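Reviewing the structure listed below.
Read the figures in this text as sums done on the coordinates, not as results from a lab. All figures in this text were calculated on a predicted structure; none of them were measured in a lab. Ideal geometry is used to build each Cβ from the backbone, glycine not excepted, and the neighbour counts take in all protein chains shown.
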Amino acid sequence: MPSRVAVISDVHGNWHALQSVLAAIEAEQPDELWCLGDLVGYGPRPNPCCVAVRERAALCLAGNHDLGVLGQLDLEEFAPDAIASAVWTRGVISDEARSFLESLSPTARRDRVQLFHASPRDPVWDYVLSAEAAEAAFELTEDPLVLVGHSHVPLALAEENGTLAGGLAPEGTEAELGAGPRLLLNPGSVGQPRDGDPRAAWLLLDFGSWRASFRRVAYPVERTQEEIRERGLPDALAERLGRGV
Ligand code: ZN
């Protein structure tokens, strides 16, 4: 088991956000980087994001947007802005990025950690944003730590003897790993945060001190917004980055 692991999710082709997060991660010198999926979709720079994560990540999942761009999910299931960006991404995705995405799966298991892009119930589409979904996620898993992405909302939930505790995990939230309650953590999103904080989100797991720590890093949002507009992607995708919604 690596001692310290940085976890990222939902990069969504936001290269400036990813660069800022990777710099913050590098400063912490973790043993490994794990990514919970959705490297592409919504954002204007899918290719460098795929290449950078492929080079650095010891583990990477496929997300619904990755599968949509690959044609492995029907785009009719997506919202209109997501369809527009998936169609655009299909036209610009490099062979290198595509073959990396094709190698990924939406679930993984590593030592005593279970990882899902969305949830254990449905690793591609289900959002863990309600008590009911969280209970199902704990019921369907057995490891002490469960990691999910997909909702773009950082979460730290604990379960012990059927009782849930925790909730939103803003910057500075710390959770205790190891003995005691089982944990379900969502690092939040690098490239399109939706918790009202526009800064890019990531999570540091320390299996030595048994702490999980939720981090945020500012990045030049306006540069990604400009790139979205230059490429003719839906303006709402640029606008929401400024508000973190
Ligand atoms: Zn996503």
Ranked list, fewest to most other Cβ atoms within 10 Å of each Cβ, for 107, 141, 89: 107, 141, 89
Taking the number of other C-beta atoms within 10 Å as the exposure measure, put 31, 10 in order starting with the fewest. 31, 10
Counting only residues 5 or more apart in sequence or on a different chain, those whose built amide H sits under 5 Å from that of residue 182 are 159
Taking amide H positions as placed 1.01 Å from N in the peptide plane, with prolines and chain starts having none, which residues 5 or more places from residue 173, or on another chain, fall under 5 Å of its amide H? 214
Once phi is turned into θ = phi - 60°, what whole-Hz ³J(HN,Hα) does the Karplus curve with 6.51, -1.76 and 1.60 give for every residue of segment 120-128, x standing for Gly and Pro? x, 5, 8, x, 9, 10, 6, 9, 8
If 25, 83, 228 are placed from fewest to most neighbouring beta carbons inside 10 Å, the sequence is 83, 25, 228
Short version: ³J(HN,Hα) in whole Hz for each residue of segment 4-21, in order, from phi by Karplus 6.51 cos²θ - 1.76 cosθ + 1.60 (θ = phi - 60°), x for Gly and Pro, what are they? 10, 10, 8, 10, 10, 7, 6, 6, 6, x, 9, 5, 5, 5, 5, 4, 5, 5
Toy charge model, Lys and Arg Cβ at +1, Asp and Glu Cβ at -1: segment 174-245 dipole around Cα centroid in debye, rounded to 20, equals 120 debye
Please list, in chain and number order, the residues 5+ apart from residue 150 or on another chain whose amide H is under 5 Å from its amide H, with Hs placed from the backbone. 10
Roughly what % of DSSP beta bridges within segment 40-181 run antiparallel, to the nearest 5? 65 percent
Treating only Lys and Arg (+1) and Asp and Glu (-1) as charged, each at its beta carbon, one finds that segment 4-101 has a dipole about its Cα centre, in Debye to the nearest 20, of 220 debye
Using only DSSP helix segments of four residues or longer, with each worth -39500 (n - 2.57), what per-residue ellipticity at 222 nm results for the chain after dividing by its residue count and rounding to 500? -9500 deg cm²/dmol
No Cys partner within the rule (Cβ under 4.7 Å), the chain: 49, 50
Could you work out the relative contact order of the chain? I mean the mean sequence separation of Cα pairs under 8 Å and 6+ apart, divided by the number of residues, in percent. 23 percent
Within-13-Å neighbourhood charge of residue 197 [Cβ basis; K, R +1; D, E -1]: +4
Can you order the peptides 198-211, 124-137 by their average number of other Cβ atoms within 10 Å per residue, highest first? 198-211, 124-137
I'd like to compare 112-121, 47-56: which one has the highest average count of other Cβ atoms within 10 Å, and what's the full order after that? 112-121, 47-56
Which of 162, 138, 179 sits closest to the plus end of the dipole of segment 134-190, meaning its Cα is farthest towards the positive end, when Lys and Arg get +1 and Asp and Glu get -1 on the C-beta? 138
Whole-Hz Karplus couplings 3J(HN,Hα) for segment 218-231, θ = phi - 60° and coefficients 6.51, -1.76, 1.60, Gly and Pro as x, run 6, 9, x, 3, 5, 6, 5, 4, 4, 5, 4, 6, 4, 8
Looking at the chain only, what percent of DSSP beta bridges run antiparallel? Nearest 5 please. 65 percent
